[in-house]
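Participant: To start, I am sharing the structure in question, which I have written as structure tokens.
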Amino acid sequence: MMRGMGPSVSLTRRGEDRVRTGHPWIYRSDVAEAQAAPGDLVRVTGGRGRSVGHALFSDRSEITLRMVTLGTEPPGAAFITDRIAAALRYRESLHIDATAYRLVHGEADRLPSLIVDRYGDYLVMQALSQGIDRRVPDITAALVELIRPRGILARNDPRVRQLEGLQQTVEALYGEVPERIDVREGTVHYTVDPWHGQKTGLFLDQRENREAALRYARGRLLDAFSYNGGFALALAPKCDPVLAVDISEDAVARIRENAARNGAAQVEARAMNVFDELRELERTGARFDTIVLDPPAFAKNKASVKKALSGYKEINLRALKLLEPGGFLVTCSCSYNVTEPMFLDIVAEAAADAHAEVSLVEKRSQGRDHPILINVPETYYLKCLILRKLA
Ligand code: SAH
């Protein structure tokens, strides 16, 4: 293609180096010149006007370019449909024993900033950049053709859309999407609210960790930061009694509903701040054989890492004190800014302070339907350690 024929963006030397590392995000500071409109598919050029790839352009975000191909060839006209189809084939190959899981995980499916989750016969999607937002009609058509869902909901309410100058909206794009959808994960049935639930309705990234935890769970279970009862219900077949704690009254109402639906009469749900509840449990001499800690991201950015670490340390320290020797602690962090080595360190400090001898049974991350790109550290956000307290 000749220069100046279509929208194009030229990079600085540093920008070109960045493309070479395999990272698909190019920041504004690494862009030399842009001739493009919001959401355009642009040719990306380096030194002497050489093509280095094609990308989706944003005129608002600090992330100006999201690479979709490398080299000189532009992506084919049907690249969105092709990539969605590839993402679906991968999910089929996983033989997921659930009716709710992630179909498209953005960058890791070569569809930067597009999320598509399946909830039974319905799909919930998020378009998190100008380039993807402009292509929502094409994406919707591709999903209808490939999956034939009963409805598609756009959960375009995440705040990151503001950074792209996009409106925050929630709307049905296709068919009708009910307020409640019944889904199954293994043997557990959940009712999901795709319109108002957190994320797109459930924490699908923890599904495999719930499965893994079931291998060890036993006895008295504490599920802290339970949301709709994900871990509590997954582990209930092997645990009695079960205490699920979440600060949100809504979440607790859902835990009770889901527990009743699954015949898990031993589940008690409390609307409490976990920090307070752990202290109270310690004061009353409570003990558990299995504990799950799955807090929200304590470190939303680099500046809050130090405070986040002290939060992680506190809950892990208290949980290890409440845990019986021989018991299991499933402890998670979904803060990208707290890396796995940092998380391991802080849990080790907590163990030392709790005078607990602890072994690492499994080191896990988000489920395989939320793939990690090895050249894109941002895609590795969820850490899940399964620990055993020896004494
Ligand atoms: N374990 C869940 C997901 C947890 S998400 C699952 O497997 O589905 C984190 C949850 O922590 C949210 O539901 C949020 O309401 C809750 N939360 C946040 N801060 C809290 C606090 N201080 N005490 C108790 N719950 C809290």
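The values are calculated or read from the model by the stated rules, or taken from the named source; none is laboratory data. Model, not experiment: these values are computed from the prediction. We place every Cβ from the backbone using ideal geometry, glycine too, and count neighbours over all the protein chains shown.
Participant: Tell me whether region 128-140 contains one or more residues that are surrounded by fewer than 23 Cβ atoms within 10 Å (Cβ to Cβ), among the acidic types (Asp, Glu) and in contact with a helix residue (DSSP H, G or I) (Cβ under 6 Å, 6 or more places away or on another chain).
Facilitator: Narrowing region 128-140 to residues surrounded by fewer than 23 Cβ atoms within 10 Å (Cβ to Cβ): 128, 134-138, 140.
Remaining after also requiring among the acidic types (Asp, Glu): 138.
Then drop every residue that is not in contact with a helix residue (DSSP H, G or I) (Cβ under 6 Å, 6 or more places away or on another chain), which leaves 138.
Yes, some residue in region 128-140 is surrounded by fewer than 23 Cβ atoms within 10 Å (Cβ to Cβ), among the acidic types (Asp, Glu) and in contact with a helix residue (DSSP H, G or I) (Cβ under 6 Å, 6 or more places away or on another chain).
Participant: Tally time: how many residues in region 221-270 are under 23 Å from TYR312 (Cβ atoms), more than 12 Å from the ligand (Cβ to nearest atom) and surrounded by fewer than 24 Cβ atoms within 10 Å (Cβ to Cβ)?
Facilitator: 1
Participant: Which members of region 200-232 meet the condition of being under 21 Å from the mean Cα position of the chain (by Cα) and hydrophobic (A, V, I, L, M, F, W, C)? Lay out the reasoning, then the answer.
Facilitator: Let us first name the residues in region 200-232 that are under 21 Å from the mean Cα position of the chain (by Cα), namely 200-214, 223-232.
Within region 200-232, LEU202, PHE203, LEU204, ALA212, ALA213, LEU214, ALA224, PHE225, PHE231, ALA232 qualify.
Participant: Restricting attention to region 145-166, and to residues there that are crowded, with 16+ Cβ neighbours inside 10 Å and of a type in the set (D, E, K, R), which single residue is nearest to GLY197 (Cα to Cα)?
Facilitator: ARG155
Participant: In region 142-162, which residues are assigned to a helix (DSSP H, G or I) and touching a residue at least 40 places away in the same chain (Cβ under 8 Å)?
Facilitator: Restricting attention to region 142-162, the residues satisfying the condition of being assigned to a helix (DSSP H, G or I) are 142-147, 160-162.
Once the filter is applied, which keeps residues that are assigned to a helix (DSSP H, G or I) and touching a residue at least 40 places away in the same chain (Cβ under 8 Å), region 142-162 yields ALA142, LEU143, GLU145, LEU146, ILE147.
Participant: Could you list, in sequence order, all residues of region 276-294 that are in a loop (DSSP other than H, G, I, E, B) and touching a Lys or Arg at 6+ places or on another chain (Cβ under 9 Å)? Reasoning before the result, please.
Facilitator: Within region 276-294, the first condition is being in a loop (DSSP other than H, G, I, E, B), and the residues that meet it are 284-287, 294.
Passing the criteria: ALA286, ARG287.
Participant: Using beta carbons and a limit of 6 Å, which pairs, at least six apart or on different chains, have the first residue in region 210-235 and within 14 Å of GLY327 (Cα to Cα) and in contact (Cβ under 8 Å) with a residue 40 or more places away in the chain and the second one of a type in the set (Lys, Arg) and surrounded by fewer than 21 Cβ atoms within 10 Å (Cβ to Cβ)?
Facilitator: Taking only residues 6 or more apart or on different chains, the pairs are ALA217/LYS238; ARG218/LYS238.
Participant: Return the residues of region 76-129 that are out of contact with any Lys or Arg (no Cβ under 9 Å at 6 or more places or on another chain) and either among the charged types (D, E, K, R) or assigned to a loop (DSSP other than H, G, I, E, B) (or both); say none if nothing qualifies.
Facilitator: GLY76, ALA77, ALA78, ASP82, ARG89, GLU92, HIS95 - these are the residues of region 76-129 that are out of contact with any Lys or Arg (no Cβ under 9 Å at 6 or more places or on another chain) and either among the charged types (D, E, K, R) or assigned to a loop (DSSP other than H, G, I, E, B) (or both).
Participant: Here is a follow-up. Output yes when any residue across region 298-319 is in contact (Cβ under 8 Å) with a residue 60 or more places away in the chain, in contact with a Ser or Thr (Cβ under 7 Å, 6 or more places away or on another chain) and aromatic (Phe, Trp, Tyr), and no when none is.
Facilitator: no
Participant: How do the pairs read when you match residues in region 271-293 that are touching a residue at least 12 places away in the same chain (Cβ under 8 Å) and within 8 Å of the ligand (Cβ to nearest atom) with residues anywhere that are charged (D, E, K, R) and outside any strand (DSSP E or B), using Cβ under 7 Å and keeping only pairs 6 or more apart or on different chains?
Facilitator: Pairs found: PHE275/GLU314.
Participant: Related question: For ARG210, state whether it is within 13 Å of the ligand (Cβ to nearest atom), over 27 Å from GLU362 (Cβ atoms) and not in a loop (DSSP other than H, G, I, E, B). Give the steps one after another, and end with the answer.
Facilitator: Details: within 13 Å of the ligand (Cβ to nearest atom): yes; over 27 Å from GLU362 (Cβ atoms): no; not in a loop (DSSP other than H, G, I, E, B): yes.
Spelling it out, it is not the case that ARG210 is within 13 Å of the ligand (Cβ to nearest atom), over 27 Å from GLU362 (Cβ atoms) and not in a loop (DSSP other than H, G, I, E, B).
Participant: With respect to ALA299, is the statement that it is in contact with a strand residue (DSSP E or B) (Cβ under 9 Å, 6 or more places away or on another chain) and under 21 Å from GLN366 (Cβ atoms) true? Even if it seems obvious, please write down each step before you answer.
Facilitator: Values: in contact with a strand residue (DSSP E or B) (Cβ under 9 Å, 6 or more places away or on another chain): yes; under 21 Å from GLN366 (Cβ atoms): yes.
In short, yes.
Participant: When ASN156 is evaluated against the numbered criteria (1) at pLDDT 95 or above; (2) within 16 Å of the ligand (Cβ to nearest atom), which criterion, by number, is the only one it fails?
Facilitator: Checking ASN156 against (1) at pLDDT 95 or above; (2) within 16 Å of the ligand (Cβ to nearest atom), the one that fails is (2).
Participant: Would it be correct to say that GLY186 is more than 10 Å from the ligand (Cβ to nearest atom), touching a residue at least 24 places away in the same chain (Cβ under 8 Å) and on the phi > 0 side of the Ramachandran plot?
Facilitator: So GLY186 passes the test.
Participant: Of the numbered conditions (1) surrounded by fewer than 17 Cβ atoms within 10 Å (Cβ to Cβ); (2) β-branched (Val, Ile, Thr); (3) touching a Leu at 6+ places or on another chain (Cβ under 7 Å), THR284 fails exactly one; give the number of that condition.
Facilitator: (3)
Participant: Which of the residues spanning region 300-309 are within 16 Å of the ligand (Cβ to nearest atom) and either touching a His at 6+ places or on another chain (Cβ under 8 Å) or in a loop (DSSP other than H, G, I, E, B) (or both)?
Facilitator: LYS300
Participant: Sticking with this structure for a sec: Got a sec? Which of ALA356, ALA297 is among the hydrophobic types (A, V, I, L, M, F, W, C) and either crowded, with 18+ Cβ neighbours inside 10 Å or not in a loop (DSSP other than H, G, I, E, B) (or both)?
Facilitator: Values: ALA297 fails: either crowded, with 18+ Cβ neighbours inside 10 Å or not in a loop (DSSP other than H, G, I, E, B) (or both).
Sole residue among the options that is among the hydrophobic types (A, V, I, L, M, F, W, C) and either crowded, with 18+ Cβ neighbours inside 10 Å or not in a loop (DSSP other than H, G, I, E, B) (or both): ALA356.
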